[in-house]
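Below you'll find the structure, written out as structure tokens, and then a few comments.
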Amino acid sequence: MMQPVSQPASADPLLRVENLVVEYPLGNKTVHAVSSVSLDIARGETLGLVGESGCGKSTLGRAVMQLRRPVSGKVLFDGQDLTAMQGDTLRRMRRRVQLIFQDPIASLNPRRRIGDIIAEPLVISGVKDAKKREQLVHDVLGAVGLDPQLVTGRLPHEFSGGQCQRICIARALVLNPEFIICDEPVSALDVSIRAQILNLLEEMKARYGLTLLFIAHDLAVVKAVSDRVAVMYLGRLCEVGPSEQLFAQPAHPYTALLIEAIPVPDPDVRPAESVAVGEPPSPIAPPSGCRFRTRCPRADQRCRDEVPELREVAPAQFAACHHPLIGPA
Amino acid sequence: MTGPALLSVEGVAVDLPTPRGNLRAVDHVDLSIGAGRTLGIVGESGCGKTMLSRAILQLLPKKAKLTGRVMFDGQDLVRLDRERLRKLRGRSLAVVFQDPMTSLNPVLTIGTQLIETLQEHLELDSVAAKMRSIELLAAVGIPAPEQRLMQYPHQLSGGMRQRVAIAIALSCEPQLLIADEPTTALDVTIQAQILDLLAREQRRRHMAMIIITHDLGVVAGRTDEVAVMYAGRVVERAPTPDLFKRMRMPYTEALLAAIPKIDAKPHTPLPAISGRPPDPTRPLRGCSFSPRCKYAWAQCLIEKPGLEDADSPGHQYACFRPLAAGVPA
Ligand SMILES: Nc1ncnc2c1ncn2[C@@H]1O[C@H](COP(=O)(O)OP(=O)(O)OP(=O)(O)O)[C@@H](O)[C@H]1O
Ligand SMILES: Nc1ncnc2c1ncn2[C@@H]1O[C@H](COP(=O)(O)OP(=O)(O)OP(=O)(O)O)[C@@H](O)[C@H]1O
Ligand code: SF4
Ligand code: SF4
Ligand SMILES: [Mg+2]
Ligand SMILES: [Mg+2]
């Protein structure tokens, strides 16, 4: 029996996450990193995932890949539940899913040459022919805009952040995956390189027919590449909907707050004085009811007592809020 | 600039020997900053922002060659002995790096690191140091600070790690704080809080601050002056409102255009600056931006433009064909 999912099932999702729960033990307490999150990503779609530092975005990404085993819930990739898989079966499935990390520099082994770093996934997956590996590395470096001749023999520390991220993208693409989880792929990069990497990801997506889960904290960046956007807060999903619609008419107060806090490159616009009031609550003891209630201007008793479920507030737009900014109250 | 400079960087150049030849990471930079002021340094990945901050702090890689002077509070840091430098860095000069793992020790708990810093530089006893550590963690917005003291850096999310790094940097009440991309990995609401936190601490301590960032949005609302770097050099420098309203450098204009705009449609290709910055081991004869500049003409390929004074006070740019003065970009 499938668990009920509180979002429209896309006809043919490549990835379906159902009621995923991920926790970390911390002393004798528990960090509730991801609490009952459900998501669908259609084949060929880019789903953007935004939310505050520590809200569980990376944990969700890692749990999708089974790098961190969830406490409960399912991760259906192409119809098969990854949470039920072990050993070789899981390793084979994992090849179809790749992860690009938040920190490009730290995710490259400092003592290995770039050529070897990119060839490593090929070695692990059993491509024995060294000539063939060399060719694949050469091709993928070219695809991400690096000159293979200049790059393969060098070490990671000789490259700046943007170049390291291109290398990470090349390493993720070399096995020809179907699905890539991009965990803050441009957060550490400056604007001009960021624009290039975003354009590159869009190009690679088209060229390799990829489906993407794009994690970032910058809303403008997420909007630039995503078909739909999901907003997370303290382990829970707040809102999900088509990108433009979500930005034009956010339903969840947290989404609205995020949109307001975007720094604008105009010295006449005074930055909003820390819009998010109060301390971010601890995921060790999350607030009862709605987890955003301690910082929400609309919070009332109901928000304290009842966990809001995701419901449709506009066509294809879902929000978990008792008093959404749009839609039926 | 008002008042005498607390820090003045005079003709600083940094050369790094690499297998491909000499790499000039910083090329004759002059900058200054007074107590209580904030200077923003913006520029593309690899342009030398971090090397410049390391040159100021005397934390360059061993093989690096530094020329020029770094006058801080009346003394040239380049000529200071190691012991005095170490004392100064712990107390008067603090730094927060792009990657918080650079400033945090992975094998020590957060508590140990904070407490040891406080004990060493402020000569507090262990009880007082622990109390102060908890206060500092709470001040930078870390929930459940007492429990976090027992955690190791890897157990925290990226944003939390950066808050801890900031707490350590502020712990000894420095005169100058250099923040190298302090909020790059953080989401917008937390970014706003951390920048507010830094601004608040700066006012309270009359601390000078250098914010290094690629985000023109961050410098727009939060700095007194901005220096734009390209290929190791400062190419434009102005009081912040002047830079945005009367920018003269084509590079500054391109940098502003490459920012994803929140009101743009998803999947719109971004106006990335084409190409890459020049290979720093192969410096160009002419303007280093010329291969990417849409205004380049013959002179740009053979001569290097020097920093010239613009009409408005404190505004300098290095370009043969500057954008028209007084025309907002
Ligand atoms: N190995 C771990 N042990 C204990 N707690 C952890 C561990 N990894 C993550 N956490 C906690 O789980 C929560 C979610 O962390 P996660 O890294 O998924 O957040 P995130 O949304 O990716 O944040 P960021 O935007 O800062 O990267 C945080 O409270 C974090 O401190
Ligand atoms: N240890 C090193 N050895 C040799 N070259 C280096 C080293 N560290 C950095 N470089 C080079 O020095 C130049 C300046 O690098 P730097 O790290 O200062 O750039 P940055 O402006 O901080 O870039 P980012 O925005 O990516 O952090 C780059 O060309 C880089 O490749
Ligand atoms: S459920 Fe209540 S507290 Fe939560 S976002 Fe909605 S109004 Fe605010
Ligand atoms: S000097 Fe020439 S190439 Fe350089 S920025 Fe100005 S116009 Fe462009
Ligand atoms: Mg993360
Ligand atoms: Mg840097």
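Points worth noting:
- Helix-only mean residue ellipticity at 222 nm for chain A, each DSSP H run of n ≥ 4 adding -39500 (n - 2.57), per residue, nearest 500: -9000 deg cm²/dmol
- Calculated P(r) tail over 15 Å for the stretch B:130-175, as whole % of Cα pairs: 34 percent
- Dimensionless Rg over Rh [the stretch A:34-76; C-alpha; Kirkwood]: 0.94
- Every pair of different Cα atoms in the stretch B:55-103 enters the Kirkwood calculation, which places the hydrodynamic radius at 11.9 Å.
- In chain B the longest region clear of GluC sites (Glu not before Pro) that are loop-assigned by DSSP and have at most 16 other C-beta atoms within 10 Å covers B:124-302.
- Space enclosed by the convex hull of the alpha-carbon atoms of chain A, per residue, Å³: 157 Å³
- Shielding by partners for peptide B:42-51, expressed as the average number of C-beta atoms from other protein chains within 10 Å of each residue's C-beta, is 4.
- Electrostatic dipole magnitude of the stretch B:5-230 [Cβ: Lys, Arg +1; Asp, Glu -1; Cα centre; debye, to 20]: 400 debye
- With contributions of -39500 (n - 2.57) from each DSSP H run of at least four residues, the per-residue ellipticity at 222 nm computed over chain B stands at -9500 deg cm²/dmol.
- Over the stretch A:120-191, all Cα pairs binned in 10 Å intervals from 0 give whole-percent P(r) values of 18, 50, 29, 3, listed from short to long.
- Using the alpha carbons alone, the radius of gyration of the stretch B:96-177 stands to its Kirkwood radius in an Rg to Rh ratio of 0.92.
- Dipole magnitude of the stretch B:93-183, debye to nearest 20 (Cβ charges: Lys/Arg +1, Asp/Glu -1, about Cα centre): 280 debye
- Summing charges over neighbours of B:His315, with a neighbour being any other residue whose Cβ is under 14 Å away from its Cβ, gives -3 when K and R count +1 and D and E count -1.
- Listed pairs B:Lys65/B:Lys304; A:Lys29/A:Lys223; A:Lys57/A:Lys128; B:Lys261/B:Lys294 exceeding 25 Å between Cα atoms: A:Lys29/A:Lys223; A:Lys57/A:Lys128
- 1.4 Å probe, heavy atoms, protein only - residues of the stretch A:247-266 losing at least 20 Å² accessible area vs chain alone: A:Leu258, A:Ala261, A:Ile262, A:Pro263, A:Pro265
- Close amide H pairs (under 5 Å, H built 1.01 Å from N) link A:Val313 with A:Phe318, A:Ala319, residues at least 5 positions away or on another chain.
- Filtered trypsin sites (Lys or Arg not before Pro), the stretch A:86-138: DSSP coil and at most 11 other beta carbons within 10 Å: A:Arg111, A:Lys128
- Net +/- balance of residues flanking B:Arg285 in space, Cβ distance below 13 Å, scoring K and R +1, D and E -1: +1
- Solvent-accessible area, 1.4 Å probe, carbon plus sulfur percent, for the protein assembly as shown: 53 percent
- Rg and Dmax of chain B, based on Cα coordinates, read 20.5, 68 Å.
- When accessible surface is computed with a 1.4 Å probe, chains B and A are found to bury approximately 5000 Å² between them, both chains counted.
- Mean projected area in nm² (Cα convex hull; one quarter of hull surface) for the stretch A:31-153: 9.8 nm²
- For chain A: accessible area per residue (Å², 1.4 Å): 40 Å²
- Greater than 31 Å apart at Cα, pairs in B:Lys63/B:Lys245; B:Lys49/B:Lys245; B:Lys63/B:Lys87: B:Lys63/B:Lys245
- The stretch B:257-329: trypsin sites (Lys or Arg not before Pro) in DSSP coil with no more than 16 other Cβ atoms inside 10 Å: B:Lys261, B:Arg285, B:Lys294
- Its residue count N fixes a reference of 2.2 N^0.38 Å for the stretch B:1-113, and the Cα radius of gyration divided by that reference is 1.14.
- For chain A, the relative contact order comes to 20 percent (Cα pairs under 8 Å, sequence separation of at least 6).
- Inverse mean reciprocal Cα-Cα distance (Kirkwood Rh) of the stretch B:224-277, Å: 12.6 Å
- As computed over the protein assembly as shown, the Cα convex hull volume per residue (Å³): 160 Å³
- Both numbers refer to the Cα atoms of the stretch B:82-236; Rg and Dmax are 15.5, 50 Å.
The values are calculated or read from the model by the stated rules, or taken from the named source; none is laboratory data. Keep in mind that what you see is a predicted model, and the values were worked out from it rather than measured. When we count neighbours, we look across all protein chains shown, and the Cβ atoms used for this are built from the backbone with ideal geometry, even at glycine. Surface accessibility is based on the protein's heavy atoms, side chains included, excluding ligands, DNA and RNA. Shrake-Rupley method; radii C 1.70, N 1.55, O 1.52, S 1.80 Å.
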